[in-house]
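Visitor: A single structure is presented below for examination.
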Amino acid sequence: MNHLPLIIKREYLAKVKNKSFILMTFLTPLIMVGLITLVTYLTSVNNEKVRTISVLDQAGFLKGALVSNDYTIYHYLESMDLETAKTLSNQNNSYGLLYIPNHPLDSVSTHIKFLSEEAPSLTFVTGLESKIEIRLKELKLEKAGVDLSKIKAAKTYVNLNQQSYEGVKTSKSGSFMKLGFGVLSGYLLFMFIIIYGNLIMRSVIEEKTSRIIEIIVSSVKPIQLMLGKIFGTSLAGITQFALWIVLLGLLMTAASFFLGVDFSATPQNDMMTEALNNQAANSEIQGLINDFRGLPIFNLIIAFILFFAGGYLLYSSLYAAIGAAVDNETDTQQFILPVIMPLILAFYVGFFTVLEDPHGSISIVFSYIPFTSPIVMLMRIPFGVPLWEQLLSLTVLVITFVITVWVAAKIYRVGILMYGKKPSYRDLVKWLKY
Amino acid sequence: MKDLLEVLDVSKNFGDFQALSNVSIKVPKHSIFGLLGPNGAGKTTLIRIVNQITMPDSGQVFIDGAPLEPHHVQHIGYLPEERGLYKSMKVGEQALYLAQLKGLSYNDAKNRLKHWFEKLEISHWWDKKTQELSKGMAQKIQFVVTVLHRPKLLIFDEPFSGFDPINANLIKDEILQLRDEGATVIFSTHRMESVEELCDHIALIHESKKILDGKLVDIKRQYKTNSFEVGLSTSNKNQLKRLIAERFDVTTADFKSLGDDLKLNVKLGSGDRSDDLLAFLSQNASINHYRELIPTASEIFIQTVKNNGL
C-alpha cells in the first residue's frame, strides 16, 4: 500500500509547525536585512564626512585639475613655503596637504608629496594620483606640441560584439550574468543540502530516540518512510526558502522606504555609474537585456530543477542513512565529514575552475562525477554545454542516486532498530548484507 | 485452517550472530500464544520477521495459510517492546496518523478512536502533546493504536512493562475481550505470572532455538511429577513420616498453614494413583491439606532452560 503521501504530509506539517522552524523563517530575513541596513548606514555615515584637501601648488601645474565635489573640497593655497602651509592646513582642519614643489615638468612627478595626520585610504590615494597623472600627461603632450582637442576627438571606445560560430551573440556583461547565475545556483544547492540534509538527519534520530520507529515500520516499508521524510522535509525547505525570498524583498523595500537607506549608494556604485555614464549607457542597458535574452533560459531552468533535485536527493538520502546509523547527534560527526567533503570540493572547483575555464578538462570531469556534478554542471551550463553532455551527466547522477538510495535504505532499515553502540564503517558494510 | 500463523523452519543470522535457527511454531486461531524465553533468545527477531520488519534468511511464514505478503501488515497489530510516540505531536493527530498508516480511512480512524478514548476515559487527552503524558498514559495510547484496525493477529512484546497494576489489569481484560471477539494474540514475555493467567499455548525459545512448545495444560501434564503436598495433624510426626516413607517417596515440604502440621511432599510410584495415597493417609492421620503439585510455567521455563543450557 502506498502511504507515501500520508508520510510526506506528516513530515511536512511536523517541520512547518515546529516553533524553531517558524522562528528561523521569520528571524533570518530580519537579521539579514538588519545587518545589511546597519552596514550600509555605517558606510554612508563614513562617506558623508566632507574632506578638505589643502593644495600647495608651487609649480602651478594643477590649476583647475582638481575639482571639488560633495565629499572632497580642494582648497588651493596662495604661494607660501611648505611650513606655513602645514600650519595653515592644520589650523583649518584639512584632511591633508598636497604639495607640488617648483620643479620642471619632466621631473616634478617624483617630488609630489601628500602630508596628512592619518594614513589616507588606498582608494583616495589612487584617485588623487590618477587625477595628477592625467593632468601632467596632458601638459607634457601640449609641451611636445600635440593638439589636445585632436586627441580627445580621436578617442575611441571599443566594445567587441562577441559571437559564437553558430551566430549566438555573447558579450562581457553576458559573461558576468552567466557567472552570476552559475554561482547563485551552485550556492543555493550547497546551502539547501547542508541545511535540510541536517534537518532530515535530525528527524530520523528523533524517531529513533522517541522509540516510535518500530511502530511505524510495522506498518510501512522503511524505504517509504525514508523517502517520505526526504520529500516532506524538502517541501518544508522550499516553503522556507520561498518565504525567505519574499520576506527579504519586502523588508529591503520597507527598509529603504522608511529608513531611507539606499542599498545601492556605496562609493563603488557611484564610480560604476560614472563609468557607465561615460560610455554610452543606453546601449549598455540594451546590451544587458539582449544578454539576458541570449542566455539559454529554458535549458537553465530545466537543468536547474533536474540537477538541483538530483543532487539534493542524493545527499539527503546519505544524511538519512547517517541519522539511522547513530543514536544521537554528537555521534554524527565522523559520518558527516565524508559527506560534506565532496560538496565543498564541488563548490571550490566550481568557483575557481569553472568560472575561469568552463570547458576545461577539470570542469568537464567534475561535471560528470555524481557527487560534484550537480553544483559544477549548474555552474557550467550558462556558458553553453552540449545537450548530450548534460544528459550523460544527469544519467550518471540518477544511476548513482538510485544506488545511494538503495544503500541508504539498507543502512536505514537495519540502523533504525539498532540502539546503543555507535557503529563503525565496518558495521555499516555488514548491515548491507543483513 | 486451524492455525492463523505458521512459522516454518525460519533462520536468521546477523553477521556471525545466530538469532534464530530453524524455528517453527503454529499459532492456533483464537488462542493466546505465549512466546517465552530469556533475554536475547530471539523472540523479538521472530516477531519482527512476522511483522516483515526483518527478512528471514531462510524459512517461510504463513498467515491464514497464505505466504506472508506486504498487505498482511493490515491484519497485524504490533506493540513493540521498544515503543514510543512522536513527542511534539498531539495525541489525537498522532493516533489518527498511525491508524491511517494501518490502512484505515480518516473517518473510520476518527470514529473508532473516539469510541476507544471514551471507553478508556481518556477523551480529554486528544489535544494534549505527547510529551505531557506519563509513561503509562502513553502506553494506553499505543495500545489503542495497536488494536484500532481490528487486526486478526495481535502481537504484544512485553506489554505490561510500564503499567501500574490497575492499568495492567485493564489492558489484560481488553486483551481477553479481543480474543473472545475473534482475534489471535501472541505474547512475548519473560514474566511468567501473566503467562499462567492468559496463555493457552506456549513456545519456549532459548539461544535461537525452540526448545518446547504446545498447549500449556499438555506441557504441565508432561512436566508434572505425580507429587502431592500434604499437611497432616498427628500426635507423633516422626512415626507418621517413617510410616509414609515406607510406602512412598517423601521429602519435607514448606508451606503456610494454621496448625502445627506435618508437612510433606509425597511422590507417587509409577503404579499408584492419587486415591491410593489419600486412602493410605486417611487411615493414619487426619488430612488438613492436600494438593497436587503442578509445575508453574516459571518452573518449567527455568528447568527447560537449565536442561538445554548444559
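Visitor: Give the residues of the stretch B:1-37 that are crowded, with 22+ Cβ neighbours inside 10 Å and either free of Cβ contacts under 8 Å to residues at least 24 places away in the same chain or among the basic types (K, R) (or both), sorted by residue number.
Guide: Residue satisfying the conditions is B:K12 alone.
Visitor: Ok, one more. State whether the residues of the stretch B:229-251 include one that is touching a residue at least 60 places away in the same chain (Cβ under 8 Å), of a type in the set (A, V, I, L, M, F, W, C), open to solvent by less than 20 Å² (accessible area, probe 1.4 Å) and outside the structural domain of B:F17 (by TED's automatic domain parsing).
Guide: Yes, the stretch B:229-251 has at least one match.
Visitor: A further question on this structure: Based on what the data block shows, is A:P342 in contact with a Phe, Trp or Tyr (Cβ under 6 Å, 6 or more places away or on another chain) and open to solvent by 20 Å² or more (accessible area, probe 1.4 Å)?
Guide: yes
Visitor: Right, another one. For the stretch A:361-434, please list each of the helices (runs of 4 or more DSSP H) lying entirely inside it that holds at least 2 residues being within 14 Å of chain B (Cβ to nearest Cβ) and in contact with a helix residue (DSSP H, G or I) (Cβ under 9 Å, 6 or more places away or on another chain).
Guide: Because the criterion is at least 2 residues that are within 14 Å of chain B (Cβ to nearest Cβ) and in contact with a helix residue (DSSP H, G or I) (Cβ under 9 Å, 6 or more places away or on another chain), the helices (runs of 4 or more DSSP H) in the stretch A:361-434 that meet it are A:387-415, A:425-431.
Visitor: Still on this structure, I have one more. Report yes if some residue within the stretch B:97-111 is farther than 23 Å from A:L4 by Cα and more than 9 Å from chain A (Cβ to nearest Cβ); otherwise report no.
Guide: Looking through the stretch B:97-111, at least one residue is farther than 23 Å from A:L4 by Cα and more than 9 Å from chain A (Cβ to nearest Cβ).
Visitor: Sticking with this structure for a sec: Out of A:S94, A:S44, which single residue is farther than 30 Å from A:I213 by Cβ, in contact (Cβ under 8 Å) with a residue 40 or more places away in the chain and not assigned by TED's automatic domain parsing to the domain that holds A:L136?
Guide: A:S44
Visitor: Please give the helices (runs of 4 or more DSSP H) falling wholly within the stretch A:1-102 in which 3 or more residues are basic (K, R) and modelled with pLDDT of 80 or more.
Guide: A:4-16
Visitor: Just for helices (runs of 4 or more DSSP H) wholly inside the stretch B:136-252: which have at least 2 residues that are touching a Pro at 6+ places or on another chain (Cβ under 8 Å)?
Guide: Fully inside the stretch B:136-252 and qualifying: B:165-180, B:216-223.
Visitor: Grab the helices (runs of 4 or more DSSP H) fully contained in the stretch A:166-282, keeping just those with 3 or more residues being open to solvent by 70 Å² or more (accessible area, probe 1.4 Å), at pLDDT below 85 and among the aliphatic types (A, V, I, L, M).
Guide: Filter on the stretch A:166-282 gives A:267-278.
Visitor: Considering every residue within the stretch B:135-148, establish whether at least one is open to solvent by 60 Å² or more (accessible area, probe 1.4 Å), free of Cβ contacts under 8 Å to residues at least 24 places away in the same chain and farther than 21 Å from B:F33 by Cα.
Guide: Among the residues of the stretch B:135-148, not one is open to solvent by 60 Å² or more (accessible area, probe 1.4 Å), free of Cβ contacts under 8 Å to residues at least 24 places away in the same chain and farther than 21 Å from B:F33 by Cα, which makes the answer no.
Visitor: Quick one: count up the residues across the stretch B:73-96 that are under 17 Å from B:E158 (Cβ atoms), of a type in the set (D, E, K, R) and more than 7 Å from chain A (Cβ to nearest Cβ).
Guide: Residues meeting the conditions: 1.
Visitor: Scan the stretch A:21-42 and give yes if some residue there is of a type outside the set (K, R) and within 14 Å of another protein chain (Cβ to nearest Cβ), otherwise no.
Guide: Within the stretch A:21-42 (the criterion being of a type outside the set (K, R) and within 14 Å of another protein chain (Cβ to nearest Cβ)), the answer is yes, since at least one residue qualifies.
Visitor: Here are some conditions: (1) of a type in the set (S, T, N, Q); (2) farther than 22 Å from B:N169 by Cβ; (3) facing chain A (nearest Cβ under 8 Å). B:Q142 meets all but one. Which one does it not meet?
Guide: (2)
The values are calculated or read from the model by the stated rules, or taken from the named source; none is laboratory data. No experiment lies behind these values; they were computed from the predicted model shown. Note that we place each Cβ from the backbone using ideal geometry, even for glycine, and neighbour counts take in every protein chain shown. With ligands, DNA and RNA removed, areas are computed over all heavy atoms of the protein, side chains included. Shrake-Rupley method; radii C 1.70, N 1.55, O 1.52, S 1.80 Å.
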